[in-house]
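Single-structure report; data block below.
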Amino acid sequence: MKASAVQRHQRGACIAGIASLILFIGSWQIVTATEIVPDDVLPRFTDVAVTWWQLLISGELVRQTASSLSRQAAGFAAALVCGVSLGIVMARHRMVDDLVGPLTTVILPIPKAALIPLVMLWFGIGDAAKTIIVFLGTILPILVSTYHGAASVDHVYIWSARSMGDDERTLLWRVVFHAALPEIMSGIRMGLIISLIVLVGVEMLAGQGGLGWLVFFTLDSGAYRVTYAAMLTIAVIGFAYDRLFLMLSRRVLHWAEQNP
Amino acid sequence: MAASRVPKIVLRALHKDYDDGVTGRSVAAIHDLDLTVGAQEFLCLIGPSGCGKSTLLYILGGFVPPTSGEVLIDGRPVASPGPDRGIVFQEYALFPWLTVLENIMYGIRGEKTRGGRRIRAEQFVAKVHLTGFEHHYPRNLSGGMKQRVALARALAHDPEILLADEPFGALDTQTRSLMQEELLRIWESDRKTIVFVTHSVEEAVYLADRVVVMTARPGTVKADITVPLSRPRNFDVLMQAPEAMALRAELWRLVKEEVLRAGYFA
């Protein structure tokens, strides 16, 4: 079977991606192995890889990753539920929009990392504070995207559902949620990225375990190989999120004219 | 004909103002309109663009409230949309996240089980000749197929009234005449009261028991004409009939008068 133009392009893009990655790692290895860049500034890639493997086997990496991911999952799940439902209700009820709208407009442009000290002041440095910062960082992009998606649902969908017996509440789920799903998904994508950023940030500042803490703590104690290994892990997680997201997106939006 | 029927829909002194988005002034879309539609009657509304014929339909649907006047269905005032009035739009309005079958199942509530709803939906799939396409999504359907799904969906929950807002306006000529035939066939076997908005004089003559011509904005009834043609109707035969040709000419004259009066071509 002949590959279509799209498939050929995808394959080409994949090869190019791998090639640029190899080039990057290769140059990293060359500048460190030849000691153009001293080891205490940038350890060799191979050393970092070995350290990463040791950390993995010792269970340390798994422990810190699990601790990061559980905080993130809790905060993100809460933000997803609240952001989507609030966004839909805001789009359909003028009063809720008038109440919540101005608040979101004011808070939206604040870099969420700036909230970290405030949250630590109020909620301490435990898991609660970290979950809350993830929640705060993620809820707005999800809410705003959902709101825009839900507000732009074609009125003929709403009218059709009403004429088939749906009341206003039933159609929020049956129609508005589904119609807004493409925008909700793009909010989720943004939220995922932001959640990783603020999580690592808060773990650096508040400590008490997690990948962010591992990066910061080992930087302080001079164990740079561990620092880099932890950073690589964060990068891999970010990449995995994106892939998982695309898979999920294709699944839930298979009906749409255009897939993201 | 119409007078002998039990009135299904009664509009009295209907008036609708819109806020003009640009100037903020209120503009009359419909003015002092009286209209009665008999039970099981097929009524076509025609008129120049912007005469408020779609607005009238949305008021009947309960989607848009009138500024003043009465809207009665079976003698009861209309307050909100309801499953007694099915609606078909020009832009199909199929839910793109649902398959053909799921779209048609959407409004079916009478059946107790999902299986029962499914069987009823499948009957409607067959009725609009879409067997084999049950599990297709709307994006994979042609315009004519989409409109057939929309029609099946609007009828599957068995409304007493079908409202149609230029449903075939976006279709090509052949598809359009096939759809008209199909609609007539369905209507002749299962007589709903139909209020059908169109801008096509030909379509109105072919389909309707009665044609109401609306004036240019603010819209009101200009002429109310009973179509003197027997049923079942055959499009090709019908359009050669002298009565049909005379009616077409008369309707076109009435509509043209309003188009010119509205100054669209000034």
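Values quoted throughout were computed directly from the atomic coordinates according to the rules given, and no laboratory measurement underlies them. Just so it is clear, the model here is predicted, and its values are computed rather than measured. Positions of Cβ are generated from backbone atoms using ideal geometry, with glycine treated the same way; all protein chains shown enter the neighbour counts.
Put the Cα centre of region A:82-136 next to the Cα centre of region A:230-253 and the gap is 24 Å. Just going by the charge dipole of chain B, with Lys and Arg at +1 and Asp and Glu at -1 on Cβ, which of B:206, B:58, B:119 is farthest out on the positive end? Checking the options against the dipole of chain B, the answer is B:119.
Principal axis analysis of the Cα atoms in region A:1-42 yields extents of 51, 13, 10 Å, listed in decreasing size. Over chain A, the reciprocal of the mean inverse Cα-Cα separation, the Kirkwood hydrodynamic radius, stands at 21.1 Å. Once the convex hull of all Cα atoms in region B:1-80 is built, its volume per residue stands at 96 Å³.
The relative contact order of region A:43-252, computed from alpha carbon pairs under 8 Å that lie at least 6 residues apart in sequence, is 28 percent.
Radius of gyration (Cα atoms) of the protein assembly as shown, expressed as a multiple of 2.2 N^0.38 Å: 1.33.
Just to be sure I understand: of the beta bridges DSSP finds with both ends in the protein assembly as shown, what percent are antiparallel, rounded to 5?
Beta bridges within the protein assembly as shown, antiparallel portion: roughly 50 percent.
For region A:140-180 versus region B:1-79, the spacing of their alpha-carbon centroids is 26 Å.
Note on residue B:15 and residue A:152: with the Förster distance fixed at 35 Å, the Cβ-Cβ geometry gives a FRET efficiency of about 0.70. Note on region B:95-158: semi-axes of the ellipsoid equivalent to its C-alpha gyration tensor, largest first and rounded to whole Å, are 18, 11, 10. Hydrophobic, long helices, defined as DSSP H runs whose alpha-carbon span along the helix axis is 30 Å or greater and whose mean Kyte-Doolittle value is at least 0.5, occur in chain A at A:5-33, A:60-92, A:127-151, A:178-206, A:224-252.
The local environment of residue B:193, defined by Cβ-Cβ distances under 11 Å, has a net charge of 0 under the rule Lys, Arg +1 and Asp, Glu -1. Hey, what angle do you get for helix B:242-262 against the long axis of chain B, alpha-carbon based, 0 to 90 degrees rounded to 10? Tilt of helix B:242-262: around 60 degrees. Report, as a whole number in µm² per second, the diffusion coefficient that Stokes-Einstein gives for region A:83-213 at 10 °C and 1.306 mPa s using the Kirkwood radius over alpha carbon pairs. Answer from the Stokes-Einstein relation: 99 µm²/s.
Each DSSP beta bridge with both residues in chain B is either parallel or antiparallel, and the antiparallel ones are about 50%. Given +1 at the Cβ of Lys and Arg, -1 at the Cβ of Asp and Glu and no other charges, the dipole of chain B around its Cα centre is 500 debye to the nearest 20. The Cα trace of chain B gives Rg and Dmax of 18.6, 59 Å, the first to one decimal, the second as a whole number. Tell me the angle of helix B:173-189 to the major Cα principal axis of chain B, expressed in degrees between 0 and 90 and rounded to the nearest ten. So the inclination is approximately 80 degrees. The mean number of Cβ atoms from other chains found within 10 Å of a Cβ in peptide A:162-174 is 5, as a whole number.
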